[in-house]
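The values are calculated or read from the model by the stated rules, or taken from the named source; none is laboratory data. These numbers come from a predicted model, not from an experiment. Don't worry about glycine lacking a Cβ; one is built from the backbone with ideal geometry, like all the others, and counts go over all protein chains shown.
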Amino acid sequence: MRRVLAVAIAFIALAVTGCPKPPANGECKTSADCANQEGFGKVCVDGRCQECAADTDCKDGFVCRTNKCVPKPQCAGDRDCAAGQVCRDERCVPKPAPTVGSPCGGDADCGPDMSCVDGKCAMKQAMSAVPPECADEHAFTIHFAFDQSILDAKAKDNLQKLAECLKRAPARHMTIAGNADERGTSQYNVALGSRRADAARKYLADLGVSAPLETVSYGEEKPVCTQATEDCWAKNRRDDFQVDR
């Protein structure tokens with residue numbers, strides 16, 4: 001009787017649970033569940049039949065990206081490409097011609113009519129575009145009274161002319177060099193030359209000069225006259241300008 005009861009219970013359980021159901025389309029527990037499914041990949045990944053889970057699931061020349069086999073990339077960076085090419089979207093393509101504003105590390109990275117300024121390509125300033133009255137930077141040298149860094153009327157007039165020239169023929173960079181005569185200690189004259197250069201820099205900036213302005217002081221080290229006379233000393237109390245275009 002007990003055996004008959006056990007058999008009956010087994011039949012009832014089988015009737016309730018039924019036979020194991022095959023996985024729904026695209027679903028899987030193992031890759032074997034994907035083998036006979038049409039329109040789906042043959043690799044089980046997180047319960048779904050996918051094309052690949054790793055590069056080894058793809059054929060030669062392809063790699064696995066988001067469970068799809070795609071052509072193997074040519075490059076990961078510009079260094080992987082040949083000369084004259086750059087890496088774009090993992091493919092080596094011809095390097096585009098530089099334009100104004102293109103990043104650069106030197107003039108060689110820019111076109112023949114451009115130069116590298118502050119890490120970007122910029123058009124070169126043609127010498128023919130510089131007006132004759134602006135070409136001689138020494139014409140703008142300004143002078144100071146003894147032991148002074150105050151700009152007098154003549155110095156301001158020269159700086160105004162220089163500012164106008166810099167607007168007509170812009171500079172990439174300009175250096176203002178302050179100088180002093182030989183009287184006083186070397187340390188004092190360097191400080192005096194620095195004040196003179198800074199006075200010119202501030203005045204030019206107020207006039208709207210946008211070029212980078214650098215100041216330097218030579219003190220008494222670069223005299224243009226070496227005689228111990230007032231006329232000679234006056235020539236040495238000056239600011240010189242170096243304009244780079």
| query | Which of the residues spanning segment 213-245 are hydrophobic (A, V, I, L, M, F, W, C), outside any helix (DSSP H, G or I) and more than 27 Å from P170 (Cβ to Cβ)? | reply | V224, C225, A228
| said: Here is a check on your reading of the model: is L213 surrounded by 20 or more Cβ atoms within 10 Å (Cβ to Cβ), within 17 Å of Q242 (Cβ to Cβ) and not hydroxyl-bearing (S, T, Y)? | reply: yes
| task | Quick one: which residue in R65, R79, R48 is modelled with pLDDT of 90 or more and either within 19 Å of R91 (Cβ to Cβ) or aromatic (F, W, Y) (or both)? | result | R65
